[in-house]
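Quick note: the coordinates plus some simple rules give every number you see, no bench work behind them. All figures in this text were calculated on a predicted structure; none of them were measured in a lab. Here Cβ is always computed from backbone atoms with ideal geometry, including for glycine, and neighbour counts include all displayed protein chains.
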Amino acid sequence: MAVWKDKNGHGVEAHIRKGLMKIIAHRGARAEKPDNTLRAIKRAFECSADGVEIDVRLSKDHEIVVIHDDTLERTTNGFGKVGEKTLEQLRTLDAGKGEKIPRFSEVLLLCENVGLELVVELKEVGMEEIVVHEVIEAGMEESVIISSFYHASLLKIKKGIGIYPWTINTREDLEKALELGVEGVVTDNPCRLKVFLVNDIHSGTPVE
């Protein structure tokens with residue numbers, strides 16, 4: 001998975017000098033909280049994750065919302081396609097434990113306030129300019145990484161490239177990622193991986 005980095009071009013050497021791989025919480029701390037919600041992002045911060053990865057889509061009225069699937073059934077109490085609902089309709093839904101589907105702007109503000117880096121996966125084509133505009137409006141250009149399986153979308157953004165493999169949830173996979181020298185990893189359980197990274201691997205304790 002290719003991830004297009006922020007304009008500062010933080011590379012592998014920088015992370016090696018710091019001596020610590022980055023832990024990116026996949027859709028927030030989704031092993032504990034509803035994925036892609038503000039609650040999951042706050043939990044990732046509490047676990048000392050370096051950043052969070054979220055998924056973004058467009059509502060019917062072209063507002064950016066944070067949700068993985070193109071349909072509502074799996075993660076909310078709604079039904080139908082995300083792109084066929086207005087922002088107002090989407091915000092009435094329960095995204096788990098009383099959480100609402102977040103606006104992209106809400107996540108940007110939260111990450112800025114707590115100092116989390118943000119990996120934004122574009123789940124659709126045609127939303128690149130709106131996403132970049134909101135990032136710039138929030139003053140988060142230096143803390144946001146844009147990713148997508150749609151390479152045409154990334155070409156429109158034209159940033160440097162780095163590698164963040166996911167989903168890394170075990171010590172064995174984390175060790176392999178460290179051997180490859182990647183900048184960071186994306187995980188469902190940032191609390192657990194942060195403990196592995198700090199207490200086990202970097203302390204020299206053998207991995208079970």
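The table below gives the values:
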{"item": "Translational D in µm²/s for region 13-101 (Stokes-Einstein at 4 °C, 1.567 mPa s, Kirkwood Rh from C-alpha pairs)", "result": "93 µm²/s"}
{"item": "Residue-span extension gain [THR71 to GLU141] - 0.36 nm each, minus C-alpha spacing", "result": "22.3 nm"}
{"item": "VAL114-VAL198 pseudo-label distance in nm [points 7 Å out on the Cα-to-Cβ vector]", "result": "1.5 nm"}
{"item": "Share of pairwise Cα separations in region 48-190, more than 26 Å, in percent", "result": "28 percent"}
{"item": "In region 92-194, chymotrypsin sites (Phe, Trp or Tyr not before Pro) in a DSSP loop with at most 11 other beta-carbon atoms within 10 Å", "result": "PHE149"}
{"item": "Region 97-158: radius of gyration and largest Cα-Cα distance (Dmax), Å", "result": "12.1, 38"}
{"item": "Ranked THR187, THR71, criterion: other C-beta atoms within 10 Å, fewest first", "result": "THR71, THR187"}
{"item": "Stretch gain in nm, segment LYS176-ILE157, where the contour uses 0.36 nm per residue and the Cα spacing is subtracted", "result": "3.8 nm"}
{"item": "Förster radius 30 Å - calculated FRET efficiency between HIS133 and PHE79, Cβ distance, rounded to 0.05", "result": "0.45"}
{"item": "Neighbour-count ranking [beta-carbon atoms within 10 angstrom, fewest first] of CYS111, CYS47", "result": "CYS47, CYS111"}
